[in-house]
Structures are given as C-alpha cells and as structure tokens.
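The values are calculated or read from the model by the stated rules, or taken from the named source; none is laboratory data. From a predicted model like this one, the values you see are computed outputs, not experimental measurements. Here Cβ is always computed from backbone atoms with ideal geometry, including for glycine, and neighbour counts include all displayed protein chains. These area figures cover heavy atoms from the full protein model, side chains too; ligands, DNA and RNA do not enter into them. Shrake-Rupley method; radii C 1.70, N 1.55, O 1.52, S 1.80 Å.
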Amino acid sequence: MVTDAPPPEGGTDTSPAQPTTESFVEVQESAEFGELRRAHRSFAFPLTIAFIAWYLLYVLLSNYAGGFMGTRVFGNINVALVLGLGQFATTFLIAWFYSRHAAERLDPRAEAIKSRMESRMESRTQSGTETGAEVDA
C-alpha cells in the first residue's frame, strides 16, 4: 500500500531512537537480567512439569483404568468427571498464580531494566553518541 503523505519537513527522522544490538546484548548479559530470567524459570518450569504430569496421569487413567475412572462419586458423577473438571480448575489456578507471581516479582524487575535501558538511550541520544546507525572505526 502506497501512502500519499509527504515526507516530514526538513527530512529529519522524528521516530524515537532505537536501542542497538549491543545494548540488548549488554542487558542480556547483566546480572539483573539473569535474576529476572531465574525468577521466571524457577516458577514456570516446575509448574509446567507438574501440570503436564497431572494431565498425563488423567489421560493414562482414562485409557488404562476405566474401572476406576467409572467409579461413581455421587449420583451420576464419576471419578473421570471430577478429575476432568479438576483439569480446568488447575489451568485457571495456575494462570492466576502466574499473574500474581509476574505482578509481584517479574514486572517490577522488567520495568527497572526497561527504564534503565530507556534512560541510557536518552542520554546517548542527547549527547549525540548514538544515531541509530553506529559505525565502528
């Protein structure tokens, strides 16, 4: 799609300065980013493994323990239905736990990293050392 809008007056780029690849690598290698990654992984990986194990248990019981899964708990409600509904409940519970974890532990750290990176970009842009296309001499 071609636009009919003319280029900006003066031909200067009015978009905000973008971080360089080196800036991202520097942040990625920082201890603070390592702590953020560790905080995420220490929560996400164990819960993911636990949920997959719980789901596979449900599938295996459904396939190989039909008698047990067909056991009535009360009325027409059997073990399979209770465990199946438990899968849904577990999914929402994990999502709720993760949102709390992210809000309390991940988001503040990520925001601090982002703010620090943005302030570095502003200071480099103001001092004229970063134009978006640095050339190594």
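Some observations on this one:
- Accessible surface ranking that places the most exposed of ASP4, ASP107 first, with a 1.4 angstrom probe: ASP4, ASP107
- Additional length obtainable on full extension of the chain from ARG105 to SER42, 0.36 nm per residue less Cα span: 21.5 nm
- Distance between the pseudo-spin-label points of ILE52 and ALA65 (7 Å out from Cα toward the beta carbon): 2.1 nm.
- Using a probe of 1.4 Å on the protein chains alone, the accessible area found for THR21 is around 100 Å².
- Cβ-Cβ FRET estimate between SER123 and ALA5, R0 fixed at 41 Å, reported to 0.05: 0.80
- Taking amide H as placed 1.01 Å from N in the peptide plane, ASN78 has its amide H under 5 Å from the amide H of VAL73, each at least 5 places away in sequence or on another chain.
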